[in-house]
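**Q** If you scroll down you'll find the structure; I have some questions about it.
The values are calculated or read from the model by the stated rules, or taken from the named source; none is laboratory data. None of these values were measured; they are calculated from a predicted model. Positions of Cβ are backbone-derived with ideal geometry, glycine not excepted, and every protein chain shown enters the neighbour counts.
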Amino acid sequence: MAKATFRIWRGDANGGEFKDYQTEAGEGMVVLDAVHAVQAEQANDLAVRWNCKAGKCGSCSAEINGMPKLMCMTRLSDLDLSQPVTIQPMQAFPKIRDLVTDVSWNFRVKKTIKKFEPRKPDAADGTWRVDQADVERPQEFRKCIECFLCQDVCHVIRDHQKTDEFIGPRFLVYTAALEMNPIDGADRVDDLKQKHGIGYCNITKCCTKVCPEHITITDNAIIPLKERVADRFYDPIKRLFRVFSGNK
Amino acid sequence: MASEYQTHEHDVIVIGAGGAGLRAAIEASAAGVSVGLICKSLLGKAHTVMAEGGMAAAMANVDDRDSWKVHFADTMRGGQYINNWRMAELHAQEAPARVRELEAWGAVFDRTRDGKILQRNFGGHRYPRLAHVGDRTGLEMIRTLQDHGIHQGIQVYMEHTVTALLKDGDRVVGAFGYDRERGYPRLFRAGAIVLATGGIGRAFKITSNSWEYTGDGQSLAYQAGAELMDMEFVQFHPTGMVWPPSVRGILVTEGVRGEGGVLRNKDGKRFMFDDVPENYRNQTAKDPEEGWRYTQGDKNANRPPELLTRDHVARCINREVKAGRGSPHGGVFLDIAWIKEKLPNAPEHIKKKLPSMYHQFMQLAGLDITKEPMEVGPTTHYAMGGIRVDGDTQMSTVPGLFAAGEVAAGLHGANRLGGNSLSDLVVFGKRAGEHAAKFAKDNRAITPAADQVEAAARALLEPFERGASASGDGEGPYKIQYELQDMMQAKVGIVRTEGDMMAALEGIQSLKARAAKVGVVGNREYNPGWHTALDLKNLLTCAEAVTRCAIERKESRGGHFRDDFDQKDPKYATFNNIVKKGPGGSMVLERRPIPEIRADLKQVIEENK
């Protein structure tokens, strides 16, 4: 078995540095296995979040050779092991320790989005009748595992720190899942424009590229939401209608 | 000097934020009490996300012959009749309402042609019964509960660990722990506590469970004087990944078999037809053709033998491997690709029905399941045993201490049916939350005695005081954990014998002594070495309980299989094994007779034989 070098960022909110660790690169191993080997054998206190180790919980997000990825789904055989593999925490969020970042902002943002409100049931027993075709759209968005890699890569958050004005791709996907849920009856279009900053997204599609669940974030979630906002606020006929009807 | 710690007070504290904990917290807060929800990970990451196949509830959307009675009978048969029959009854009756409630909270289930919630076939269930979303039903459930719960005014303590329960007399009145990010000690005062911490899978080497499943709830309850029950019954899920080594144990959903997947040995033989247990014979397909028709919804067909209960399928796989008929990496073949012989658009169908399985194998094993068979083998999956609770209220034998979900015992008896876990979480999570809130209203919060808090605070920081060199050879916590996992896997695993288990019991005692000396390096901020050192006590307590109960049960039943007593023995059908902390601090074991089943329920079982 060949040895490989892992250049892992060690430190906290006050600063830190990359440290090199060598460990075996066995068949089928993923980056998280290498991090665990380092943790067990060389650095018991190396901080890393993880849970399912199967790409289903979205805990082990990090930047591997500069790319936002899940450590549990990145195979060593897909990396160039002749060079050190750099592993650093997500850069868009405040650092806590080593590979662990403070992602609490995401949890606060979610609370600001209007919750699911069921419309009137279709059947006398209080249940709904919905076609499979109609649930497939929100189901794509509900695959989201909340790894926050899309938030990490979004330049509005990462480079411009617009965290007070913009909810980021994850929560646009979340809003899309609610808006397109055939059983939901609430309206979030005004909030998208006025509270949630959908206009900041300029469709560079970086979020779609890094999504480990392969959700077509930009095309299927964000653009349709932008269209709904445009229809309501920028359609000239509708604007005229609002002027005359007195509805803003 | 008194230790410094922050104090939080709630009427109800829920420990664990998977399906059961979230559902309990929602119910308690809906009853108007203040609720604190403590979880070791970030919210929404608990192991419920890993549940794949679905949630069992007799809604009869796909087959109108289904009813709570059939579900009840299936659950009892699967559990080999040592279940808490009251829990099995409540579970079967209430599961449909809990599924519909999830939909009303935003869950988006797959649909039938007439627009209702779709239900699929699963092992041990007579009719298609599992409400599902592709093969990511657990994610749908946890996200729905999470997104509903965050608007309920529940205070969530993410990345916090509880290390001790605090009592006043008999009653539990608080919990002590720390936040993992900063390492600060915390005291939680509470009128009632709900444990929803899940299982003990990390006591074994090959497991589908993550680092979190160290038996915290079972151990906390045990230390607080509660009784644990049925700890010998550990479920080894028949199909975990076996290759490559780094993914060994990761779950392959039973849904693969529900959709028509078949098990074959290296000679290509469908070995499951060779060994169908007597009590399932008249519910099992006579030939492959009938089995296929069953998976495609033919109501006149019986299920294929691949969908027998998990304990049985795991043992059959084990037998094939031991007999030298296994796959190259020590498993057997699970083939779903073969359905292309039956369906014109098979690859698309497989990707649609089993999307996360397709990705899991593609990304982690470089294997396309629409073209090639998977290699699978048994993996430690679920603890049927746990904290003994009252079936109606979910209260343990310690007043004020409740338990729900995997950490509680009773519903599943000797073997859990697939799909009965997700429904368990919401049915009994709701009940636990409701009764904990009631208890808290009737019993005000009391300040725990200072000496108990001091002792908990001291124990928390002891591993640091010992430092890295305390154990002489500088032994870290991981080494002890790995040794325990290796030993439990080898000696108290799928096939057990008296001699092996006696050796394991000795091994556990020596590991306990070593764990008491283990020291850690670094500081308190997010220090996994420290966390692991603290978890060892819980793992070792659970490992000891499993081993002692397994030695006591000299027969084979459900998830518990003994090579030296390989038959079921009727006299063991009359009691549950109970362990609790004895007066001297050592573990004591007792056989507790199972209360006689109500006549009407007995009749339901007879009618569905």
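**Q** Which residue pairs have Cβ atoms under 6 Å apart, sit 6 or more places apart or on different chains, and have a first residue in region A:52-76 that is farther than 18 Å from B:Y213 by Cβ and more than 7 Å from chain B (Cβ to nearest Cβ) and a second that is among the basic types (K, R) and crowded, with 23+ Cβ neighbours inside 10 Å?
**A** Cβ pairs passing all conditions: none.
**Q** Oh, and also: Inside region B:513-552, can you point out the residues that are in contact with a strand residue (DSSP E or B) (Cβ under 8 Å, 6 or more places away or on another chain), in a loop (DSSP other than H, G, I, E, B) and buried (at least 24 other Cβ atoms within 10 Å of the Cβ)?
**A** Across region B:513-552, the qualifying residue is only B:Y526.
**Q** Give region B:221-257 a look and list any residue that's assigned to a helix (DSSP H, G or I) and away from chain A (no Cβ under 11 Å), or say none. Before the answer, list the steps.
**A** Filtering region B:221-257 for residues assigned to a helix (DSSP H, G or I) gives B:221-223, B:245-247, B:255-257.
Once the filter is applied, which keeps residues that are assigned to a helix (DSSP H, G or I) and away from chain A (no Cβ under 11 Å), region B:221-257 yields B:A221, B:Y222, B:Q223, B:G255, B:V256, B:R257.
**Q** Pick out the one residue from A:G11, A:G58, A:G26, A:G15 that is outside the structural domain of A:R158 (by TED's automatic domain parsing) and more than 24 Å from A:F148 (Cβ to Cβ).
**A** Working: A:G11 fails: more than 24 Å from A:F148 (Cβ to Cβ); A:G58 fails: more than 24 Å from A:F148 (Cβ to Cβ); A:G15 fails: more than 24 Å from A:F148 (Cβ to Cβ).
On inspection, the qualifying residue turns out to be A:G26.
**Q** Is there a residue in region B:581-595 that is out of contact with any Asp or Glu (no Cβ under 7 Å at 6 or more places or on another chain), among the hydroxyl-bearing types (S, T, Y) and in a helix (DSSP H, G or I)?
**A** Step one: of region B:581-595, the residues out of contact with any Asp or Glu (no Cβ under 7 Å at 6 or more places or on another chain) are B:581-586, B:588, B:590-595.
Filter once more, keeping what is among the hydroxyl-bearing types (S, T, Y): B:586.
Still in the list and also in a helix (DSSP H, G or I): none.
Scanning region B:581-595, I find no residue that is out of contact with any Asp or Glu (no Cβ under 7 Å at 6 or more places or on another chain), among the hydroxyl-bearing types (S, T, Y) and in a helix (DSSP H, G or I), so the answer is no.
**Q** Out of the strands (runs of 3 or more DSSP E) lying entirely within region B:289-404, which hold 2 or more residues that are outside the structural domain of B:D135 (by TED's automatic domain parsing) and at negative phi?
**A** On the way: elements: B:332-335, B:374-383, B:401-403.
In region B:289-404, B:332-335, B:374-383 are the strands (runs of 3 or more DSSP E) which contain 2 or more residues that are outside the structural domain of B:D135 (by TED's automatic domain parsing) and at negative phi.
**Q** Scan region B:102-137 for residues that are facing chain A (nearest Cβ under 10 Å) and touching a Phe, Trp or Tyr at 6+ places or on another chain (Cβ under 7 Å) and jot them down.
**A** Those that are facing chain A (nearest Cβ under 10 Å) and touching a Phe, Trp or Tyr at 6+ places or on another chain (Cβ under 7 Å): B:E103, B:W105, B:G106, B:I117, B:L118, B:V133.
**Q** Based on what the data block shows, is B:H412 assigned to a loop (DSSP other than H, G, I, E, B) and within 30 Å of B:T197 (Cβ to Cβ)?
**A** In short, yes.
This table checks each residue for (1) within 30 Å of B:W105 (Cα to Cα); (2) without any contact (Cβ under 8 Å) to a residue 60 or more places away in the chain; (3) surrounded by fewer than 18 Cβ atoms within 10 Å (Cβ to Cβ); (4) at the interface with chain B (Cβ under 10 Å from one of its Cβ atoms).
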residue: A:S82; (1), (2), (3), (4): no, yes, yes, no
residue: A:Q91; (1), (2), (3), (4): no, no, yes, no
residue: A:K95; (1), (2), (3), (4): no, no, no, no
residue: A:K111; (1), (2), (3), (4): yes, yes, yes, yes
residue: A:E117; (1), (2), (3), (4): yes, no, yes, yes
residue: A:K120; (1), (2), (3), (4): yes, no, yes, no
residue: A:G126; (1), (2), (3), (4): yes, yes, yes, yes
residue: A:K143; (1), (2), (3), (4): yes, no, no, yes
residue: A:D159; (1), (2), (3), (4): no, yes, yes, no
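**Q** Within region A:161-191, work out how many residues are closer than 17 Å to A:H214 by Cα and within 14 Å of chain B (Cβ to nearest Cβ).
**A** Count: 6.
**Q** Restricting the search to region B:179-193, which residues are in a strand (DSSP E or B) and either touching a Cys at 6+ places or on another chain (Cβ under 7 Å) or buried (at least 24 other Cβ atoms within 10 Å of the Cβ) (or both)?
**A** Let us first name the residues in region B:179-193 that are in a strand (DSSP E or B), namely B:179, B:185-193.
B:F188, B:A190, B:G191, B:A192, B:I193 - these are the residues of region B:179-193 that are in a strand (DSSP E or B) and either touching a Cys at 6+ places or on another chain (Cβ under 7 Å) or buried (at least 24 other Cβ atoms within 10 Å of the Cβ) (or both).
**Q** Got a number for residues in region B:37-70 being of a type outside the set (A, V, I, L, M) and surrounded by fewer than 24 Cβ atoms within 10 Å (Cβ to Cβ)? Even if it seems obvious, please write down each step before you answer.
**A** Pass one, region B:37-70, residues of a type outside the set (A, V, I, L, M): B:39-41, B:44-45, B:47-48, B:52-54, B:61, B:63-69.
Next, only the ones that are surrounded by fewer than 24 Cβ atoms within 10 Å (Cβ to Cβ) stay: B:41, B:61, B:63-69.
Total satisfying the criteria: 9.
**Q** Output yes when any residue across region B:569-592 is surrounded by 19 or more Cβ atoms within 10 Å (Cβ to Cβ), under 21 Å from the mean Cα position of the chain (by Cα) and of a type in the set (K, R), and no when none is.
**A** No, because not a single residue in region B:569-592 is surrounded by 19 or more Cβ atoms within 10 Å (Cβ to Cβ), under 21 Å from the mean Cα position of the chain (by Cα) and of a type in the set (K, R).
**Q** Right, another one. Just the residues that are free of Cβ contacts under 8 Å to residues at least 40 places away in the same chain and either touching a Ser or Thr at 6+ places or on another chain (Cβ under 7 Å) or β-branched (V, I, T) (or both), please, taken from region B:287-331.
**A** Scanning region B:287-331 gives B:N302, B:P305.
**Q** Just name the residue that is nearest to the other protein chains (Cβ to nearest Cβ) out of those in region B:487-537 that are closer than 22 Å to A:L46 by Cα and among the basic types (K, R). Walk me through it before giving the result.
**A** Start the filter on region B:487-537 by keeping residues that are closer than 22 Å to A:L46 by Cα, which leaves B:515, B:517-537.
So of that shortlist, the ones also among the basic types (K, R) come out as B:517, B:524, B:537.
Working: B:K517: 15, B:R524: 10, B:K537: 17 Å.
The qualifying residue nearest to the other protein chains (Cβ to nearest Cβ) is B:R524.
**Q** Being surrounded by fewer than 22 Cβ atoms within 10 Å (Cβ to Cβ), under 29 Å from B:R325 (Cβ atoms) and either more than 14 Å from every other protein chain (Cβ to nearest Cβ) or in contact with a His (Cβ under 7 Å, 6 or more places away or on another chain) (or both) is the filter here; which residues of region B:354-397 pass it?
**A** Selection gives B:D368, B:T370, B:K371, B:E372, B:P373.
**Q** With respect to B:I594, determine if the residue is within 19 Å of B:N415 (Cα to Cα), in contact with a helix residue (DSSP H, G or I) (Cβ under 7 Å, 6 or more places away or on another chain) and not assigned by TED's automatic domain parsing to the domain that holds B:G177. Please lay out each step first, then the result.
**A** Details: within 19 Å of B:N415 (Cα to Cα): yes; in contact with a helix residue (DSSP H, G or I) (Cβ under 7 Å, 6 or more places away or on another chain): yes; not assigned by TED's automatic domain parsing to the domain that holds B:G177: yes.
It is true that B:I594 is within 19 Å of B:N415 (Cα to Cα), in contact with a helix residue (DSSP H, G or I) (Cβ under 7 Å, 6 or more places away or on another chain) and not assigned by TED's automatic domain parsing to the domain that holds B:G177.
**Q** So is B:V99 under 30 Å from B:R126 (Cα atoms), within 14 Å of chain A (Cβ to nearest Cβ) and of a type in the set (A, V, I, L, M) or not?
**A** Numbers: under 30 Å from B:R126 (Cα atoms): yes; within 14 Å of chain A (Cβ to nearest Cβ): yes; of a type in the set (A, V, I, L, M): yes.
So B:V99 fits the description; yes.
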